[in-house]
């Protein structure tokens, strides 16, 4: 490197030279002013704050419950993919004897979403094939099977009746479900997941109304327009068949759901042991619902385990007198109410037959008699 003269050092020190040439290859640039890097540093800080705020907003969970409409849309889309086609209301109503039997995976998804959100809303908007306009599908209450409207041979006399569509519980109402709205029953065998029994027909009516009110549904039962009478056994109980709340099945609805489009003597099979708990295989002990095979609609224990209260008054020749009836609801008056299905107490196979009719005093609770719930379709 060549030596630097004193004059050149003086010029550099006093700013009189823009660039100082040290030999032929080295150039000393102007020093950067402080304002340059401070501006860029400030800009980077501002951008960082903006990005951080955006990430925080996106990660903040919504303050309200998850929208079941969105949940049901996701589930319906999954069902459409599984079936290779869309799902609409006509298909739901006309699909023979499937109900929920082939939708366990999608139901589990819906159950999990709604459990987490705490929502009880059941209306849904389904999606047809990708890219098409959303179409409305029937609401699908959780834990219930859809029974489509149809004509069928009712009772042992083979009278043809026509029924509107409805939903029916896949399982008999459990002790834990009962105790949520009513005082605990004096059951035959205690267990939260066991069917409740030893309850009166009138207590069941009150349970249905309480549960409907809790889930923001229209109550079905009333006495003189009063949905909360002090004593359900005093007065004429009316049922609003158009209400969307919970109720007991009519005897005809019960039989149609139990048959599930078959002519089996027992609900879901010709082989009793496959689908039912009864005297010979239960030791007289009630079992958890769903431990036997379901019928083609995905409904469990409609034969055996516990007998089930129905809405209708009992009359021995009632079905013989029906002619082309639409949605029959039983005799207008009576003293005993219908029970169906048989129980773990029954050894006689005839009492376990789907067509068998039995009756009990609605003011009394009986061991091995429970119920399942229904809603309009």
(message) I'd like to know if the range 271-291 contains one or more residues that are under 23 Å from the mean Cα position of the chain (by Cα) and under 19 Å from residue 141 (Cβ atoms).
(response) yes
(request) Could you please find all residues in the range 296-316 being assigned to a loop (DSSP other than H, G, I, E, B) and touching a helix residue (DSSP H, G or I) at 6+ places or on another chain (Cβ under 7 Å)? (result) 297, 299, 302, 303, 304
(request) Output the residues belonging to the range 250-286 that are closer than 20 Å to residue 156 by Cβ, part of a loop (DSSP other than H, G, I, E, B) and in contact with a helix residue (DSSP H, G or I) (Cβ under 7 Å, 6 or more places away or on another chain). (result) 267, 268, 276
(request) Check residue 121 against each of (1) within 29 Å of residue 306 (Cα to Cα); (2) surrounded by fewer than 19 Cβ atoms within 10 Å (Cβ to Cβ); (3) modelled with pLDDT under 95 and name the one condition it does not meet. (result) (1)
(request) Output the number of residues of the range 206-223 satisfying the condition of being within 15 Å of residue 248 (Cα to Cα) and part of a helix (DSSP H, G or I). (result) 7
(request) Select, from 216, 198, 209, the only residue that is at positive phi, modelled with pLDDT of 95 or more and in contact with a strand residue (DSSP E or B) (Cβ under 8 Å, 6 or more places away or on another chain). (result) 198
(request) Select from the range 334-358 the residues that are surrounded by fewer than 19 Cβ atoms within 10 Å (Cβ to Cβ) and in contact with a strand residue (DSSP E or B) (Cβ under 6 Å, 6 or more places away or on another chain) and list them in ascending order. (result) 334, 336, 358
(message) Tell me yes or no: at least one residue of the range 288-310 is buried (at least 17 other Cβ atoms within 10 Å of the Cβ), farther than 16 Å from residue 170 by Cα and either outside the structural domain of residue 196 (by TED's automatic domain parsing) or modelled with pLDDT of 95 or more (or both).
(response) no
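Criterion first (surrounded by fewer than 18 Cβ atoms within 10 Å (Cβ to Cβ), touching a strand residue (DSSP E or B) at 6+ places or on another chain (Cβ under 8 Å) and either assigned by TED's automatic domain parsing to the domain that holds residue 284 or farther than 14 Å from residue 252 by Cα (or both)) does residue 327 satisfy it? Quick ask: steps written out before the conclusion?
Values: surrounded by fewer than 18 Cβ atoms within 10 Å (Cβ to Cβ): yes; touching a strand residue (DSSP E or B) at 6+ places or on another chain (Cβ under 8 Å): yes; either assigned by TED's automatic domain parsing to the domain that holds residue 284 or farther than 14 Å from residue 252 by Cα (or both): yes.
Criteria met by residue 327.
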(message) Can you tell me which of (1) surrounded by 22 or more Cβ atoms within 10 Å (Cβ to Cβ); (2) closer than 28 Å to residue 212 by Cβ; (3) in contact with a helix residue (DSSP H, G or I) (Cβ under 9 Å, 6 or more places away or on another chain) is the one residue 361 doesn't meet?
(response) (1)
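Pick out the one residue from 158, 214 that is more than 23 Å from residue 360 (Cβ to Cβ), surrounded by fewer than 17 Cβ atoms within 10 Å (Cβ to Cβ) and without any contact (Cβ under 8 Å) to a residue 24 or more places away in the chain. Working first, answer last.
Details: 214 fails: without any contact (Cβ under 8 Å) to a residue 24 or more places away in the chain.
The match here is 158.
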(request) Only residues that are part of a loop (DSSP other than H, G, I, E, B), more than 17 Å from residue 249 (Cα to Cα) and modelled with pLDDT of 95 or more: list them for the range 126-183, please. (result) 180, 181, 182, 183
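The values are calculated or read from the model by the stated rules, or taken from the named source; none is laboratory data. No experiment lies behind these values; they were computed from the predicted model shown. All Cβ positions, glycine included, derive from the backbone under ideal geometry; neighbour counts span all protein chains shown.
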